[in-house]
Structure formats: C-alpha cells, structure tokens
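Structure record follows, encoded as structure tokens.
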C-alpha cells in the first residue's frame, strides 16, 4: 500500500538516475559533445576521450552513485531500527568514527591504502560501541540509542580536532578534504556498487517485517517479527553500508537523513518501496551533488560534503520543526 | 469445538525488576471465555500479559497456547493464534489508517507476497466494526487518542486471532466506544474465541468478563468473576473500601 503506485514511481526514479549519470559523464573541464561521450563509453572514438570518460568520469560517477545509495539505505534502515526519522549514520556518530579512524591512520603516516582500512575499522567500532552501550539492560531503547550516538559523535569530533591540531602542516589539507567528503580520489568504484546492491538485496526479504517494526516493538513481536534477531541484521547492514560509503568518499553528511525522509513524504512509509527508492534517490542525489561540486567553481573542486551539508542542514531543521 | 484450553498456565511465576507478579499460578482460558486482569498500578499486569503472549519468558512454570508449549512455537505460529494490543506508545512515522489496519494481516501473508484484495477487505471490515472506516485515508498521527486506539484495535481484529490479549483496550475511548468495543469483543467470543484483557475499570470487568485474574502484591488468584469479584476482595486489592451496588444483573462497585 502506498500513496503513489509503485511502478510509475520507480520508472521516474530510474529516469532521474539515468539523467544524473548522463549529466555527470557528459560534463567536466574538457568539453565533450554527447556523441563523443557515447562513442567513448562503448570503447570507440579517440583515446583521450576514452580515457576521460572510462577512467575518470565513469568510475567517479559510479562511486558517487554507490556512496549516495549506501548512505540513504543506511539512513532508512537506522530510522526504522530507532523508530526515529532523525536517525542517520552521520548524526549517530558512525561516520565520525570512520573519520577518526582514517585521520589516525594518516597521522601515523600509514600508507595511502591504509586510510580506507582505518575508516572501515572506525565505522564498525563506532557502530558496535553505540549499539552495545545503548542496548544496556537488554531492551532496544531507541531514545537511548540516539542519545548515545549523538554523544559518541561529539566525542569523535573532539578526537578529530585533536588529530588536526597534532598533524603537521603538510597533512592538514588532505585531512580536511577527506573530512568534508571528497570523491576525487575514490578507490575502485565497483566494490561500493556491489556492496550497495548487496545491501538492497539483503534487506528486501525483510521489508514487510520492517513495516511492522516501524509500528513499535511490542506490536512487531506480537505479529511474529523476530525482534531479537532482526535488529542485529539492521545494525550490521547499516554499519557495513556506512563504512563502505565513508571509505569511498569520506564523511558525507545528511544524505542518509534527507533522502529517506524526502522519499517518505512523496511515496509513503512502505519499506518495500521506501528502501529501494531511497537507494536510487540517494545515489542520484550524490551523483548530482558531486557533479555540481566539480563544476560550480571549476577548475577548483568543492568537496561534495559541502554541497550535501548545504542542502541537508535546512532540511534537518525543517523536519525537526515539523515533528512538533 | 476442541476442549483444549486456548491458553494454559501451570505453576507460572513471573517477576519484574525483582518484584514478584505471581507465583505458582495455574489457570486456563477456554474458548468462549472473557478474562479480565485486575490489580493496582505497578502490580505487573502488563508484564503478566506480555509473558502470557510469549513476548518475554516466565521465571518459572509453563505456558501452553492452543495445547502447545510457547517455547515450541515459532513467533509467526503464535501470531496466527493470539493477537496482542499493547499500550499505546505513539507513532514515529506517518501511515494511513488503512495501512495501519493492514499491519494486522502480516502473519497471514507469505514473505514475498503483498497484501491482496482479501486482506484489504478484512482490514476494511475491521475498521467498519470499530467505527473508524470513514478515516481510512487519513494519517494516523492526525487522529485523536481514542481514534488511534480504535485503529490499533482494527489491526488486531484484522489479524483475526482466536485469543485476544488486550492491554487496557478501553483507554482513551469515550463511554459509547468503550461499550461498543466490549460488546464486539463479547460477540467475537461467541465464535470459539477468547479474550484476556488488562482492565482498569472494575465495573467494565464486572459487566463483560466471566473470569478474572487478580494481582495483589505478588499474589495472584484466578477464577470465576462471580466468585472473585466481591467488595471485600476488591477493597483489599485496591486499598479502597468498595461497596457493591446494583444487584440486578449488572454489578457496580463504588468507593464508600
């Protein structure tokens, strides 16, 4: 049951995603006409255009799409788990843990490949810590979880500030860019895409259980939903998706918050529609934000996290006001 | 009609936060019976109801649902036999009234299927029975407390359990809807179903229930309403002197 029939909604989302890819791959500092881009995509045309499209723009576009999709899906899952529309990996400190882990790796002078590992470890550790602390007496308490996350986020913020203070001049710029979120140095694009697709595939069998869980834990338990095991799956999936997103693009805020809430306003709260629609819309949003970040002040590149925060902060405040 | 009790507790002990709710309690609920759980605030009525519903393990003893031990039943199998109306704890997300009522169909629908026409028809009938069908497309968060309660009850009716377990079903309801709800529950129990509910209002219990389970400072007693609903026992349980009025058919207890 949804406010908008599912098929037209998904058709519209798919066209938005395709359009976002077209814009992202078709624009950049080197002007390429659509025909040249198409030729380059299918592996024809001149070598420079092929290099630009296949080795620069396409991988970056895929990385942006996968990161946005993962963050939006993680946000949507956390919102049901905590039964709170303000939950988001960034707000809950999962992204903060990843940032602290990555900066620590950079500060210790680890090799470039170790930074993502630091981020991944930090995200998982932060998520595990938040959930373990919030579990407390044994019952999942959404409010306690949210509060713990917020406190952890400010703790990570302090640690990040400390690392920035201790860091030598030469590392500061790279660290700051990483902190705000940046896709220009995204590693292999297919890994985050695979994990985002895996995330959607893993959660869809439980989408109707999530609908019931959104009504409250006692209601869900009484209707046959496993309220002891399902939260663990939700927790693990959202931590994995966040860790991969942060590893790919740094700490990008608010995608996990604005996308599921926007989709909820338009399409209703049926998780069978909301979860895949959030993944698609989040991917499209980050892809467009990253393209804007590349083009607005070209040849300089804005960190994409700046663009998402500029959209996200007013939306978050609006949602908070609407909550009464 | 089977003679097996729908719900049977044997040697049941329940404690919460170190406080004893009941100890070595035996009772069974049979089809056609209507039970009220009575007791003061904090006596453990909700805890006992959730334990009987299989949401938390008992501290001792066994509970059987339709002749099978609770721990041998999968969560979904339980949901096909008993339905629970918990206390109202607010809605985090918006949903229409019809969507909310359809939630009750969850255990009946296979994992990969969506709600079908039959489920929608059942949900609409439930909304009709609770006099809230006119609000079908409204967001539940825009309803009053009593209206939301009726929507939650409609979801429970749509679940079509044989054993209704309700936690203060009449809270937030106006007098007319309280009576209408209890009348429709009474009608349901004529159909080989049973009801066990936490009630605050002794008089509603006296009017609609044929059996009561009284929680009194860690000591629980179960039996027929006629036997247990006496002014002496209720005065002791609630710590208020009560007198029984209206001897003709419907008993009413009033503080002296």
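With neighbour counts taken as other beta-carbon atoms within 10 Å, the residues B:160, B:197, A:106 rank, fewest first, as B:160, A:106, B:197. Alpha carbon centre of the range B:189-253 versus the range B:140-165: separation in Å? After rounding, the separation between the Cα centres reads 24 Å. Of all DSSP beta bridges confined to chain B, the antiparallel ones make up roughly 60%.
Length available on full extension from residue A:29 to residue A:154: 0.36 nm per residue minus the Cα-Cα distance, which gives 41.2 nm. Gain on full extension, evaluated as 0.36 nm per residue between residue B:224 and residue B:114 minus their Cα-Cα distance, stands at 35.3 nm.
Counts of other chain beta carbons within 10 angstrom of each beta carbon in peptide A:262-274 average 2.
At the listed q of 0.15, 0.16 Å⁻¹, the Debye profile of the range A:6-323, built from one uniform point per Cα, gives log10 I(q)/I(0) equal to -1.18, -1.31.
What the Cβ-Cβ distance of residue A:7 and residue B:41 gives, at R0 = 56 Å and to the nearest 0.05, is a FRET efficiency of 0.60. Translational diffusion coefficient of the range B:33-102 (Stokes-Einstein, Kirkwood radius from Cα pairs, 4 °C, 1.567 mPa s): 89 µm²/s. Three semi-axes describe the equivalent ellipsoid of the protein assembly as shown; taken as square roots of 5 times the Cα gyration tensor eigenvalues and ordered largest first, they are 55, 25, 19 Å. Mean per-residue shielding of peptide B:93-99 is 6, counting Cβ atoms of other chains within 10 Å of each Cβ. Distance between the pseudo-spin-label points of residue B:191 and residue A:113 (7 Å out from Cα toward the beta carbon): 6.7 nm. Panel order for A:318, B:238, A:90, by other beta carbons found within 10 Å of each beta carbon, from fewest to most: A:318, B:238, A:90.
Within the listed set B:58, B:110, B:169, the residue fluctuating most in the Gaussian network model of chain B (springs between alpha-carbon atoms under 10 angstrom) is B:110.
Report the residue, chosen from A:22, A:289, A:76, that carries the largest GNM mean-square fluctuation when chain A is represented by alpha-carbon nodes joined by springs under 10 Å. Result for chain A, Cα springs under 10 Å: A:22 fluctuates most.
Take every pair of alpha-carbon atoms less than 8 Å apart whose residues are at least six positions apart; their mean separation over the length of chain B yields a relative contact order of 25 percent.
Highest mean first, the peptides A:290-298, B:60-68 sorted by other C-beta atoms within 10 Å per residue fall in the order A:290-298, B:60-68.
The peptide list B:135-148, A:299-312, put in order of mean Cβ contacts within 10 Å with the highest first, becomes A:299-312, B:135-148.
Averaged over the residues of peptide B:72-84, the number of Cβ atoms from other protein chains lying within 10 Å of each residue's Cβ is 3.
To the nearest ten degrees, helix B:145-159 and the longest principal axis of the Cα atoms of chain B are 80 degrees apart.
So what's the angle, to the nearest 10 degrees on a 0 to 90 scale, between helix B:175-189 and the longest Cα principal axis of chain B? Helix B:175-189 and the main axis of chain B meet at about 90 degrees. Per residue, the protein assembly as shown reaches -17500 deg cm²/dmol at 222 nm when only DSSP H runs of four or more residues are counted, each adding -39500 (n - 2.57). A simple packing score, the average count of other Cβ atoms within 10 Å per residue, orders the peptides B:210-216, B:38-44 as B:210-216, B:38-44, with the highest score first. Ranked by how many other Cβ atoms sit within 10 Å of their own Cβ, fewest first, the residues A:273, B:109 fall in the order B:109, A:273.
Helix B:117-129 and the long axis of chain B differ in direction by around 50°, with both axes built from C-alpha atoms.
The share of alpha-carbon pairs in the range A:210-324 lying farther apart than 18 Å comes to 61%. For residue A:132 and residue A:198, a Förster radius of 25 Å and the Cβ-Cβ distance give a FRET efficiency of 0.50, rounded to the nearest 0.05. Inter-label distance, residue A:44 to residue B:175: 8.5 nm, where each label sits 7 Å from its Cα along the C-beta direction. Between residue A:176 and residue A:311, full extension at 0.36 nm per residue minus the direct alpha carbon distance yields a gain of 46.6 nm. The convex hull of the Cα atoms of chain B, projected and averaged over all directions, covers 14.5 nm².
A short reminder: the numbers here are calculations on the coordinates, not readings from a lab. Because the structure is a prediction, the values reported are computed rather than measured. Positions of Cβ are generated from backbone atoms using ideal geometry, with glycine treated the same way; all protein chains shown enter the neighbour counts.
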